[in-house]
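Before any comments, here is the structure.
The values are calculated or read from the model by the stated rules, or taken from the named source; none is laboratory data. Since the structure is predicted, the reported quantities are computational estimates derived from the model, not experimental observations. So basically every Cβ, Gly included, is an ideal-geometry build from the backbone, and we count neighbours across all protein chains shown. Remember, those area values only see protein heavy atoms, side chains included, never the ligands or the DNA or RNA. Shrake-Rupley method; radii C 1.70, N 1.55, O 1.52, S 1.80 Å.
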Amino acid sequence: MIPTLSYAATSASAPLKPYSFDRRDPREKDVVIEILYCGVCHSDLHTVRDEWSKGTFPIVPGHEIVGRVTRVGKSVTKFKEGDLAGVGCMVDSCRECANCKDDLEQFCLKGATFTYASKDRHDGTATQGGYSNHIVVDEAFTLHISDKLDLASAAPLLCAGITTYSPLKHWKVGKGSKVGVVGLGGLGHMALKLAHAFGATVVQFTTSPSKREDALRLGADEVVLSNDAAQMKAHAGSFDFILDTVSAPHDLNGYLRMLKRDGTMTLVGLPDTPPKIEGGALIFGRHSLAGSLIGGIAETQEMLDFCAEHGIVSDIEKIDIQNINEAYERMLKSDVKYRFVIDMKSLKSDAKAA
Ligand code: NAP
Ligand code: ZN
Ligand code: ZN
């Protein structure tokens, strides 16, 4: 067993606190990773507060993990000790169903094993995430990270990066497309950078006037304050594609009406209450409303390689793990520029105190 230090929530109303547990020794195909950095995703917050009702506590959140391989199981071929490695939102799947065979493990028909708040397929134990100093993961779900990228800033690519890259690719965003990104948070700022890198014209929608200059710097061709009706109206019927990354309930119908004929709006944000859709916002213009979930492992590696080639990483604010509860409160106020990343060295001071 590998003694592991972490921060965990013990109930939906409890703040995150230091928590010690054991990781398994590596199985044949496992790599053991010393975690250096872990991004803070809004899904971590939804999960530890049980807003999606899937929690069995304690939960160690965190699925934007980068670190270094410290040990490998005896049949591992993709990694060796000392390699950089990343882990995103999934750690396993059935690998046999039609969706797994199509490299879309996130839609595994038997249910993907998520990095935390899920059950290990072999021994039934709870999976625990990256707010910890080690993780043990099958090499098939472990990603290579280029040493060209700043490691801390690359961590958010493992969720925010792939969750926005995958729908932009699937709906063929590129030169000539007019794309809207709704919400400038962790996912939103990656969507903006990636859509811009793909050559699209990008309009950033935000509720935060203070983010305007940043949005332009990050690649937006235009910034629209979503609570300004006149600014919104100016874009009616004009978008090929809109990606909605907002974490809280909000009106979708205004955005649907901004699509061109046959345009698609895709949701990646998952607020805790379902949206109200007006049929007319879809019917007039043959609009589609869709959703997208992270991305498969092969596509995640493709995205990481694309980002290494184009020098794309996240804009981050590094924090010590002791400040995680405060970081969550700031995230709820949309006060993150644009992703918190935990420096896992900070866990050591808890180890000394323990
Ligand atoms: P985040 O960093 O907190 O960003 C969310 C942004 O939404 C905020 O920065 C804010 O942008 C906007 N916003 C917040 N409250 C709002 C409100 N009441 N009305 C309108 N806009 C509001 O969160 P994130 O980590 O990017 O995650 C966003 C959502 O995606 C979460 O629900 C998360 O669980 C989900 N998610 C889904 C997937 C997937 O695979 N589908 C993967 C990861 C995360 P402005 O200040 O610009 O308005
Ligand atoms: Zn996430
Ligand atoms: Zn499967």
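Name the residues in region 267-282 that are away from ligand 2 (no atom under 16 Å from the Cβ) and either in contact (Cβ under 8 Å) with a residue 40 or more places away in the chain or of a type in the set (A, V, I, L, M) (or both), would you? Spell out the reasoning first.
Initial filter on region 267-282 (away from ligand 2 (no atom under 16 Å from the Cβ)): 273-282.
Scanning region 267-282 gives Ile277, Ala281, Leu282.
Can you work out which of the residues in region 173-197 that are assigned to a loop (DSSP other than H, G, I, E, B) and touching a residue at least 60 places away in the same chain (Cβ under 8 Å) is surrounded by the fewest Cβ atoms within 10 Å (Cβ to Cβ)? Steps first, answer last, please.
First, the residues of region 173-197 that are assigned to a loop (DSSP other than H, G, I, E, B): 173-177, 183-185.
The next check asks that each one be touching a residue at least 60 places away in the same chain (Cβ under 8 Å); those that pass are 173, 177, 183-185.
Values: Val173: 23, Ser177: 19, Gly183: 27, Leu184: 28, Gly185: 25.
My answer is Ser177.
Say whether the condition of being within 16 Å of ligand 3 (Cβ to nearest atom), closer than 21 Å to Phe79 by Cα and open to solvent by 30 Å² or more (accessible area, probe 1.4 Å) is met by at least one residue in region 145-162.
no
Restricting the search to region 126-166, which residues are of a type in the set (Lys, Arg) and under 11 Å from the mean Cα position of the chain (by Cα)?
Across region 126-166, there are no qualifying residues.
Looking at Leu243, Leu256, Leu293, which is the one that is open to solvent by 60 Å² or more (accessible area, probe 1.4 Å), in contact with a helix residue (DSSP H, G or I) (Cβ under 6 Å, 6 or more places away or on another chain) and either of a type in the set (Gly, Ala, Ser) or modelled with pLDDT of 95 or more (or both)?
Leu293
Would you say Cys108 is over 14 Å from the mean Cα position of the chain (by Cα) and either open to solvent by 40 Å² or more (accessible area, probe 1.4 Å) or within 16 Å of ligand 1 (Cβ to nearest atom) (or both)?
yes
Among the residues of region 114-163, which ones are within 14 Å of ligand 2 (Cβ to nearest atom) and among the small types (Gly, Ala, Ser)? Break it down stepwise before answering.
Within region 114-163, the first condition is being within 14 Å of ligand 2 (Cβ to nearest atom), and the residues that meet it are 114-118, 129-131, 155-163.
Within region 114-163, Ala117, Ser118, Gly129, Gly130, Ala155, Ala160, Gly161 meet the criteria.
From the list Phe340, Phe306, exactly one residue is of a type in the set (Phe, Trp, Tyr), within 28 Å of Phe107 (Cα to Cα), more than 12 Å from ligand 1 (Cβ to nearest atom) and open to solvent by less than 70 Å² (accessible area, probe 1.4 Å). Which is it?
Answer to the check: Phe306.
Mind checking which residues of region 129-143 are open to solvent by less than 20 Å² (accessible area, probe 1.4 Å) and of a type outside the set (Asp, Glu)?
Matches in region 129-143: Gly129, Gly130, Tyr131, Ser132, Ile135, Val136, Val137, Phe141, Thr142, Leu143.
Checking Ser118 against (1) of a type outside the set (D, E, K, R); (2) exposed (fewer than 14 other Cβ atoms within 10 Å of the Cβ); (3) on the phi < 0 side of the Ramachandran plot, which test does it fail?
Of (1) of a type outside the set (D, E, K, R); (2) exposed (fewer than 14 other Cβ atoms within 10 Å of the Cβ); (3) on the phi < 0 side of the Ramachandran plot, only one is false for Ser118: (2).
Among the residues of region 15-28, write down those that are in contact (Cβ under 8 Å) with a residue 40 or more places away in the chain and under 23 Å from the mean Cα position of the chain (by Cα).
Pro15, Leu16
Residues of region 198-228 being in contact with a helix residue (DSSP H, G or I) (Cβ under 9 Å, 6 or more places away or on another chain) and either assigned to a loop (DSSP other than H, G, I, E, B) or open to solvent by 80 Å² or more (accessible area, probe 1.4 Å) (or both), which ones?
Hits for region 198-228 are Phe198, Ala200, Leu218, Gly219, Ala220, Asp221, Glu222, Ser226.
Search region 62-97 for residues being within 16 Å of ligand 3 (Cβ to nearest atom) and open to solvent by 60 Å² or more (accessible area, probe 1.4 Å), and hand back the single one that is farthest from Leu143 (Cα to Cα).
Glu96
Could you say whether any residue in region 42-52 is surrounded by fewer than 15 Cβ atoms within 10 Å (Cβ to Cβ), within 16 Å of ligand 2 (Cβ to nearest atom), under 23 Å from Leu187 (Cβ atoms) and not assigned by TED's automatic domain parsing to the domain that holds Gly269?
First, the residues of region 42-52 that are surrounded by fewer than 15 Cβ atoms within 10 Å (Cβ to Cβ): 52.
Checking which are within 16 Å of ligand 2 (Cβ to nearest atom) leaves us with 52.
Filter once more, so that each one left must be under 23 Å from Leu187 (Cβ atoms): 52.
Pick out the ones that are also not assigned by TED's automatic domain parsing to the domain that holds Gly269 and you get 52.
Scanning region 42-52, I find at least one residue that is surrounded by fewer than 15 Cβ atoms within 10 Å (Cβ to Cβ), within 16 Å of ligand 2 (Cβ to nearest atom), under 23 Å from Leu187 (Cβ atoms) and not assigned by TED's automatic domain parsing to the domain that holds Gly269, so the answer is yes.
Please indicate, with yes or no, whether at least one residue in region 81-101 is modelled with pLDDT of 95 or more, within 16 Å of ligand 2 (Cβ to nearest atom) and assigned to a loop (DSSP other than H, G, I, E, B).
yes
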